[in-house]
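Visitor: Below you will find the structure I want to go over with you.
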Amino acid sequence: MPARTPVAPDGRLGKAAEHPGFSDPAYLRRREEVAALARGLRVGAPSPVVAYSESEERTWRTVRRALWTAQGEHACRAALEARGQVSIPADHIPQHAEVGSQLRRLTGFVLTAAPGVVENKRFLGSMAEGYFHAVQFVRHPALPLFTPEPDVLHDVLGHGIHLVSPAFADIYRLIGRAAGRIDRADVLQMISDVYWFTLEYGVLDEGGTPKAYGAALLSSYGEIRRLGQARVRPLDIGAMLGTAYDITGYQPVLFAARCLHEVADTLGGFLERLDDDSAARFGRHPGHPALR
Ligand SMILES: [Fe+2]
């Protein structure tokens with residue numbers, strides 16, 4: 001799962017490497033304990049039930065409350081309508097099954113447990129079958145509004161909200177079907193890059209104001225409130241593929257569409273022509289700045 005932006009509580013950029021989530025031994029042991037439950041599971045296997053601690057529950061309550069308000073002000077109408085269709089508890093961390101049963105009913109998607117970052121072929125390709133890889137661990141409690149990597153809050157309050165909406169789910173499936181027929185890593189990375197600038201960081205232009213639909217923005221308390229400070233460009237696949245990005249900072253460039261239909265049409269037109277020779281056709285090579 002491509003990562004998300006670190007956001008310090010005061011709105012400054014955080015330095016991911018200095019985050020206590022990377023250095024606190026007790027936190028790292030707990031994170032590994034939760035991640036280990038998902039290691040080795042096949043795609044679509046029932047997600048493990050996690051016994052969350054009171055500290056983790058407190059972090060969920062704090063972040064869920066802050067994000068709910070921030071989304072209300074800065075998320076696009078489609079995301080807010082989707083949010084209204086799903087029950088995401090304020091008082092406890094939902095197990096995957098609690099959210100997944102709602103998604104399945106509305107779009108056929110379920111959450112499938114991941115221990116952390118998943119390689120592109122599996123992560124993207126599984127979307128064609130209605131599986132979204134999601135982690136279950138919770139960010140470090142010392143900085144509840146600041147995380148340098150995806151956690152259960154990102155996956156539920158970002159992707160979980162998307163996946164109650166047929167319009168969003170169709171976009172995930174478009175991406176999944178393309179990834180399913182591609183084998184070359186460099187072309188899969190192209191799909192991952194457009195996924196990044198759309199389903200993670202996309203915005204819609206609503207009356208001249210950028211409103212968030214990307215899951216990373218929806219789940220980033222600091223960044224969703226600073227959309228006006230990014231350079232917002234029109235939706236353009238070629239420009240996305242030529243734009244390098246840093247997964248540990250605010251995104252300086254965002255791509256805006258007029259509506260989700262435009263996102264689906266633009267992505268669909270690009271993805272249906274994609275094949276294993278596409279990296280060469282697009283001038284991508286291992287030294288390309290957007291390749292990591
Ligand atoms: Fe994500």
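The values are calculated or read from the model by the stated rules, or taken from the named source; none is laboratory data. From a predicted model like this one, the values you see are computed outputs, not experimental measurements. With ideal geometry, Cβ positions are generated from the backbone for all residues, glycine too; neighbour counts draw on all protein chains shown. Side chains are part of the model used for accessible areas, which takes the heavy atoms of the whole protein and leaves out ligands, DNA and RNA. Shrake-Rupley method; radii C 1.70, N 1.55, O 1.52, S 1.80 Å.
Visitor: Among (1) more than 28 Å from ALA178 (Cα to Cα); (2) out of contact with any strand residue (DSSP E or B) (no Cβ under 7 Å at 6 or more places or on another chain), which single condition is LEU227 missing?
Guide: (2)
Visitor: Additional query: Name every residue in segment 108-125 that is assigned to a helix (DSSP H, G or I) and in contact with a Phe, Trp or Tyr (Cβ under 8 Å, 6 or more places away or on another chain), in order of residue number.
Guide: Filtering segment 108-125 for residues assigned to a helix (DSSP H, G or I) gives 120-125.
Once the filter is applied, which keeps residues that are assigned to a helix (DSSP H, G or I) and in contact with a Phe, Trp or Tyr (Cβ under 8 Å, 6 or more places away or on another chain), segment 108-125 yields only LEU124.
Visitor: Sort through ASP205, ASP265, ASP275 and tell me the only one that's out of contact with any Leu (no Cβ under 6 Å at 6 or more places or on another chain), in a helix (DSSP H, G or I), over 30 Å from GLU18 (Cβ atoms) and acidic (Asp, Glu). Explain how you work it out, then say what you get.
Guide: On the way: ASP205 fails: in a helix (DSSP H, G or I); ASP275 fails: in a helix (DSSP H, G or I).
After ruling out the rest, the residue left standing is ASP265.
Visitor: Further question: Given (1) within 13 Å of the ligand (Cβ to nearest atom); (2) surrounded by fewer than 23 Cβ atoms within 10 Å (Cβ to Cβ); (3) modelled with pLDDT of 95 or more, identify the lone condition not met by GLY202.
Guide: Here GLY202 meets the rest and fails (2).
Visitor: Separate question: Among PHE123, PHE132, which is the only one that is crowded, with 21+ Cβ neighbours inside 10 Å and touching a Pro at 6+ places or on another chain (Cβ under 9 Å)?
Guide: Details: PHE132 fails: touching a Pro at 6+ places or on another chain (Cβ under 9 Å).
Result of the check over PHE123, PHE132: PHE123.
Visitor: Next up: Could you tell me which numbered condition ALA66 fails, if it satisfies all but one of (1) among the hydrophobic types (A, V, I, L, M, F, W, C); (2) under 21 Å from VAL203 (Cβ atoms); (3) at pLDDT below 95?
Guide: ALA66 satisfies every listed condition except (3).
Visitor: Would you mind finding the one in ARG105, ARG42 that is part of a helix (DSSP H, G or I) and either charged (D, E, K, R) or more than 29 Å from LYS211 (Cβ to Cβ) (or both)?
Guide: Numbers: ARG42 fails: part of a helix (DSSP H, G or I).
The conditions single out ARG105.
Visitor: Let me ask something else. If I ask for residues that are within 16 Å of the chain's Cα centre (by Cα), more than 26 Å from PRO20 (Cβ to Cβ) and free of Cβ contacts under 8 Å to residues at least 60 places away in the same chain, which ones from segment 133-180 would you list?
Guide: Within segment 133-180, ARG173, GLY176 meet the criteria.
Visitor: Follow-up question, since we're still on this one. Do you know which residues across segment 205-234 are more than 16 Å from the ligand (Cβ to nearest atom), under 29 Å from ASP186 (Cβ atoms) and either open to solvent by 30 Å² or more (accessible area, probe 1.4 Å) or touching a Gly at 6+ places or on another chain (Cβ under 8 Å) (or both)?
Guide: ARG231, VAL232, ARG233, PRO234
Visitor: Of all residues in segment 149-182 being outside any helix (DSSP H, G or I) and within 13 Å of the ligand (Cβ to nearest atom), which is surrounded by the most Cβ atoms within 10 Å (Cβ to Cβ)? If you could, list the steps in order and put the result at the bottom.
Guide: We begin by selecting, within segment 149-182, every residue outside any helix (DSSP H, G or I); these are 149-151, 163-165, 181-182.
Restricting the remaining residues to those that are within 13 Å of the ligand (Cβ to nearest atom) gives 149-151, 163.
On the way: GLU149: 22, PRO150: 27, ASP151: 25, LEU163: 31.
Ranking the qualifying residues of segment 149-182, first place goes to LEU163.
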